[in-house]
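Just so it is clear, none of the values below were taken in a lab; they were calculated from the coordinates. Bear in mind that the values here come from a model prediction, so they are computed numbers and not experimental data. Cβ coordinates were reconstructed from backbone atoms using ideal geometry, including for glycine residues, and neighbour counts include every protein chain displayed.
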Amino acid sequence: MNSTSPRRRFALAAVAGLALTGLLSACGGSDGDGDSSASGPVTLPFWGWANGQEAVVKAFNASHKDVQLKYTKVTDQLTMQKQLTNAVKAKNAPCLVQNTAEYVTSWVSQGALADITKYVESSKSRFNAGSWAGAQVQGKLYGVPTSSSPNFTIYRTDVFAKYGIKPPATWDDFIAAGKVLKKHGIKITNYAGEDPSTLEVLAMQAGAHWYSIDGDSWKVDFQDAGTLKAAKVIQEIIDNDLDSKLSFADYAAVQRNYDDGGTVTRQISTWQMAGMVQNFTKSDGKWALSPWPTYAGESAKTPAGTNLTGSVTLVTKQCAHQQQAAEAALWMSTDTGAVRTMASPETGNGVMPALADSSAYVDEAISQKLLGENYGPAKQVVTDSLGTITTDWTFGPNWTAMFTELQAGWAKVVDKQETVTDLLAHMQKWTVDDLKSRGINVTG
């Protein structure tokens with residue numbers, strides 16, 4: 001929600017441990033080890049997009065004689081999916097790929113990833129359970145988790161104080177605050193037409209399950225109670241013109257708008273603060289954090305799947321050095337220096353580590369420069385949010401295709417050409433039909 005490009009969302013709990021037939025049409029993974037016994041120095045191509053990765057790669061190469069990483073920076077997460085698709089087809093995929101948990105099942109179903117379980121399973125206790133699950137499909141590991149995604153609201157304290165607004169505790173409060181701000185020409189949030197993660201994460205928070213397992217089939221439900229609850233909130237925000245409609249295609253313009261006070265809140269994770277730190281020139285010290293708004297009458301709950309950070313480093317099946325690749329991925333997720341580099345919004349992209357205990361990295365993941373006197377209280381907000389993340393969201397095997405279709409409809413919703421419920425009805429039929437066309441068992 002309100003993500004930058006790349007839209008980096010992280011999820012806890014995929015389809016780990018399932019031993020069901022028909023769930024994946026062509027469940028992939030390596031049948032062998034690749035050329036894991038190769039002697040002498042080997043070079044492992046590594047594709048990613050996150051700020052800070054060049055520094056991590058440099059540190060890795062300086063500390064390893066026999067294995068070197070060759071880093072290529074891809075524009076963003078969605079571009080990664082397209083370029084990786086082309087590379088897999090051309091049989092020249094890189095060894096290591098930054099990706100996010102929602103895409104793991106899709107890549108496994110296409111036979112693109114290597115099963116690296118035997119190389120990394122002994123490190124399971126070093127990671128939190130949700131992050132570990134995000135790298136698995138049917139109990140096999142295809143990568144190493146890199147980040148968790150605590151979520152919270154960041155808001156402009158000066159604007160809120162000027163108009164007597166308190167940080168919204170509920171979505172009803174959020175809408176009410178938006179109506180006050182609208183009278184003064186200010187938007188409370190931004191809905192980019194290309195980024196439907198807003199709908200996804202509000203549905204996730206409300207307890208929705210777009211994909212689930214029903215016996216030996218996938219079950220699809222874009223119209224459950226949680227999704228409709230989220231749709232109601234979003235529709236009210238759009239109907240009342242409380243949102244900006246700035247595309248992240250013009251990233252600089254989006255950041256200027258926030259810096260200038262044209263839009264004054266975002267529901268984000270730590271990694272998105274990096275772009276604010278790097279681009280703001282006027283509003284440093286005028287931001288504070290508060291918990292995600294809740295649905296009325298419900299306890300604190302934040303979505304796991306939002307925005308997107310580089311949550312998993314995957315090893316491809318075409319890699320000739322799968323063991324070395326797995327070990328390199330593990331190093332990047334556990335080496336203290338590498339983790340601190342990525343955790344900082346100034347040297348990296350502000351990701352919270354996927355480690356079992358990430359509390360030591362909260363200081364690095366938020367910015368004193370951005371938050372000013374609100375830095376101390378912000379650390380507690382981030383820490384608390386780590387304990388309210390949803391753990392029961394499942395990404396289906398056609399997530400990549402589904403999300404692309406969802407994007408097209410979301411653009412129409414933001415432009416008021418159709419309603420959120422219209423989009424959900426379309427996605428229900430489209431997703432079921434698409435899974436059937438892939439030979440995957442599905443109900444819904």
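Among 163-173, 44-54, 112-122, the peptide with the highest mean count of other Cβ atoms within 10 Å heads the list, and the full ranking is 44-54, 112-122, 163-173.
Database remark: amide H of D115 closer than 5 angstrom to the amide H of S30 (H placed geometrically; neighbours at sequence offset of 5 or more, or on other chains; Pro and chain starts carry no H).
Considering only G178, S385, W430, and ranking their Cα positions along the charge dipole of the chain that arises from unit charges at the beta-carbon of Lys, Arg, Asp and Glu, the one farthest toward the positive end is G178.
To the nearest 20 Debye, how big is the dipole of the chain about its Cα centre, given +1 on the beta carbon of each Lys and Arg and -1 on that of each Asp and Glu?
Values: 39 positive and 43 negative charges, 119 e Å.
Once rounded to the nearest 20, the dipole reads 580 debye.
In this calculation the C-beta distance from D250 to S437 is compared with R0 = 45 Å, giving a FRET efficiency of 0.80. With point charges of +1 on the Cβ of Lys and Arg and -1 on the Cβ of Asp and Glu, referenced to the Cα centre of the chain, which listed residue (P303, P353, A192) lies farthest in the positive direction of the dipole? It is A192, whose Cα lies furthest towards the positive end. Take each peptide in 433-443, 392-402, 369-379, count the other Cβ atoms within 10 Å of every residue, and average; sorted highest first, the result is 392-402, 369-379, 433-443. Here the peptides 252-260, 149-157, 287-295 are ranked by packing, the mean other Cβ count within 10 Å, and the order with the highest first is 149-157, 287-295, 252-260. Residues considered: A231, A249, A354. Largest GNM mean-square fluctuation over the chain, using C-alpha springs under 10 Å, is found at A249.
Taking a Cβ cut-off of under 11 Å around Y155, the surrounding Lys, Arg, Asp and Glu residues balance to a net charge of +3, with basic ones at +1 and acidic ones at -1. Dipole orientation for the chain: of the candidates Y258, Q68, Y119, Y258 has the Cα lying most toward the positive pole (charges on Cβ; Lys, Arg +1; Asp, Glu -1).
Pair-distance distribution P(r) for the chain, from all Cα-Cα distances in 10 Å bins starting at 0: 5, 23, 33, 25, 12, 3, 0 percent. Rg and Dmax, both from the Cα atoms of region 205-317 and both in Å, are 17.7, 55.
Counting pairwise Cα distances across region 128-208, what percent come out greater than 19 angstrom? Beyond 19 Å sits 57 percent of the P(r) for region 128-208. Expressed in Å, the radius of gyration and Dmax of the Cα atoms of region 325-398 are 14.4, 45.
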